[in-house]
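These notes are about the structure you will find just below.
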Amino acid sequence: AARGTTVHGVADRLIHGEEVPMPEGLEGYVRSAVAFMDEWAVQPVAVEFTVWSEAWRWAGTCDLIADLTDPNDPSLTQRWLLDYKTKDKDQGVFGESILQLAAYGHGEKMMDADGNESPMLDVDRYGIVQLRENGTYKLIPIDISGNEYRIFQYVQAVGAWKEDVARSLVGEALTPPHAMRNYRLVEVADDAWAAQPMPPAVPAQPGEEPPF
């Protein structure tokens, strides 16, 4: 998580045209971010901004909206909503990342770092930029044309139920009303034990202790 936060910060400064010192141990991730920005002629539109829905009561921080060279026609650009991931293994894109992008794309409002509020921008495409330690990257397109936002809303509802309702349904551990010793543990061999029914209780005589 700390690595991802640092790399995100460096990528944000680079895309704003700043000169950024290489963080020790993260040189490969910085090279991969630079390669992505160079090879796709990335033109930032909104960087590290807050997006939210007042209707559905959620908010989040989106990494980047940018214009990238159209892979089918280099003379054109496409507007992408992008999320950086610092994943070294080729394990694919996790489902929660897809739902995250779907939510951002369906947000109602956005706010930049200076506190300027505006309607959420429309985008042409969605994607994950996988930055890797060896200096390479992958731009992975994500299709958000189906029911992905509806699935996000289901997940949101389950999360709210877990936080607000589930805890109220859990009671305190109960104490048995009386203890009946119906079984006992007996050693049947070395370090081997078995549970046996207790023998019938013998009523205690007046003045005697109960047998069990």
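Brief remarks follow.
- Taking the C-alpha atoms only, the angle from helix 148-164 to the longest principal axis of the chain is near 40 degrees.
- The angle between the Cα long axis of helix 95-105 and the main principal axis of the chain comes to about 50°, on a 0 to 90 degree scale.
- Note on F94: accessible area is roughly 80 Å² with a 1.4 Å probe, heavy atoms of protein only.
- Cα gyration tensor category, rounded, prolate or oblate, for region 1-84 with a/c compared to 1.5: oblate
- Net +/- balance of residues flanking V47 in space, Cβ distance below 9 Å, scoring K and R +1, D and E -1: -4
- Max mean-square fluctuation residue, GNM over the chain, Cα-Cα springs under 10 Å, options Q196, Q153, Q43: Q196
- Accessible surface ranking that places the most exposed of D191, D12 first, with a 1.4 angstrom probe: D191, D12
- Ordered by solvent-accessible area of protein heavy atoms (1.4 Å probe), largest first, the residues T5, T136 come out as T5, T136.
- Sorting E133, E27 by accessible area puts them as E133, E27; the probe is 1.4 Å, largest comes first, and only protein heavy atoms count.
- Mean separation of Cα contacts under 8 Å (6+ apart) over length of region 25-131, as relative contact order %: 29 percent
- Environment charge at Q100 (Cβ cut-off 13 Å; Lys +1, Arg +1, Asp -1, Glu -1): -3
- Neighbourhood net charge (15 Å Cβ-Cβ; Lys/Arg +1, Asp/Glu -1) for L76: -2
- Between the Cα long axis of helix 2-15 and the first principal axis of the chain there is an angle of about 10°, rounded to the nearest 10.
- Compared with the alpha-carbon gap, the fully stretched path from T69 to A166 is longer by 30.1 nm at 0.36 nm per residue.
- Exposed-loop-free span, longest in the chain, where trypsin sites (Lys or Arg not before Pro) count as exposed if DSSP calls them loop and at most 12 other C-beta atoms lie within 10 Å: 90-180
- Area accessible to solvent at L99, 1.4 Å probe radius, in Å²: 30 Å²
- Charge dipole magnitude, Cβ of K and R +1, D and E -1 - the chain, Cα centre, debye nearest 20: 600 debye
- By a 1.4 Å probe calculation restricted to protein chains, V42 has an accessible surface near 20 Å², given to the nearest 10.
- Once the Cα-Cα distance is subtracted from the 0.36 nm per residue extended length, the Q43 to A2 segment shows a gain of 12.1 nm.
The values are calculated or read from the model by the stated rules, or taken from the named source; none is laboratory data. Owing to the predicted nature of the structure, the values given are computational and were not obtained by experimental measurement. Cβ coordinates were reconstructed from backbone atoms using ideal geometry, including for glycine residues, and neighbour counts include every protein chain displayed. Surface areas here come from the heavy atoms of the whole protein model, side chains and all, with no ligands, DNA or RNA. Shrake-Rupley method; radii C 1.70, N 1.55, O 1.52, S 1.80 Å.
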